Amino acid sequence: MWLSFSFKISRALTTVEKLARLSEMQEQRTDKKTAPECPFAPLAPSYLVRDKEFFMKHAYNQALKAWKESEVPVGAVIEMNSQIVAFAHNMVETTKDPTAHAEILAISQAAAKLGDWRLNECTLYVTKEPCPMCSGACVMARLKKVVYAVPDPKMGFLGGALKIHEVPTLNHHLEVECGVLAEQCQQMIKTFFMLKRKSAENADVC
């Protein structure tokens, strides 16, 4: 029992140290791209009503943090028993790691905090439909449910381009819901890429 407990502590510390290193890399970056000025303000979720919008608003605020770091503005939180157990945003550019998506980072964080890779009682809230990698991770982590705001018809694997959660041979099937806070999250993503394109065009002219 002691060895099992020690292993869980060691695994949790390793994951926490990895996340701390990501944060350190984020602060030390010297070649960081300049993000376009963000015209959106953080949302203020009411802690009196912990519904789907409450958790998606927290994910939205994580996406704003990604924007300010010149990352694609996608944010995620993981909820268990009406409590947020993990939160993250895209860090691909910061870490130079193609797997550093908001969903992956949040899942790792939740597993470390709860001391179990099986997140059966957890719900992931994310501002954009998960890609193939993140959709697979949601299944492998045994998440109870995934709620996303904006569908992705090209790369989304939870309803957009494909429905991986409905593959009949899988030994775990998660619930999926789409559309919570969709308008606000879609507007943020569209504006981000529009401003990035304008910035690139202006740079070419100069």
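The residue pairs whose first member lies in the stretch 134-148 and is of a type in the set (Phe, Trp, Tyr), whose second member is buried (at least 16 other Cβ atoms within 10 Å of the Cβ) and outside any loop (DSSP other than H, G, I, E, B), and whose beta carbons are closer than 8 Å, counting only pairs six or more residues apart or on different chains, are Tyr148/Tyr125; Tyr148/Val126; Tyr148/Thr127; Tyr148/Lys128; Tyr148/Leu158; Tyr148/Val176; Tyr148/Cys178. So is Phe7 open to solvent by 90 Å² or more (accessible area, probe 1.4 Å), modelled with pLDDT under 60, closer than 20 Å to Gln109 by Cβ and not acidic (Asp, Glu) or not? Spelling it out, Phe7 is indeed open to solvent by 90 Å² or more (accessible area, probe 1.4 Å), modelled with pLDDT under 60, closer than 20 Å to Gln109 by Cβ and not acidic (Asp, Glu).
Can Ala66 be described as in a helix (DSSP H, G or I) and either open to solvent by 20 Å² or more (accessible area, probe 1.4 Å) or among the small types (Gly, Ala, Ser) (or both)? When the stated conditions are applied, Ala66 passes them. Where strands (runs of 3 or more DSSP E) sit wholly within the stretch 89-206, those with at least 2 residues that are crowded, with 16+ Cβ neighbours inside 10 Å and out of contact with any Leu (no Cβ under 8 Å at 6 or more places or on another chain) occupy 122-128. Flag set for Thr123, criterion: over 11 Å from the mean Cα position of the chain (by Cα), closer than 20 Å to Gly160 by Cβ and not basic (Lys, Arg).
The values are calculated or read from the model by the stated rules, or taken from the named source; none is laboratory data. Every value quoted in this text rests on a predicted model; they were computed, and no experiment measured them. As a convention, Cβ positions derive from the backbone with ideal geometry for all residues, glycine included, and neighbour counts pool all protein chains shown. To get the accessible areas, we keep the full protein, side chains included, count just its heavy atoms, and leave off ligands, DNA and RNA. Shrake-Rupley method; radii C 1.70, N 1.55, O 1.52, S 1.80 Å.
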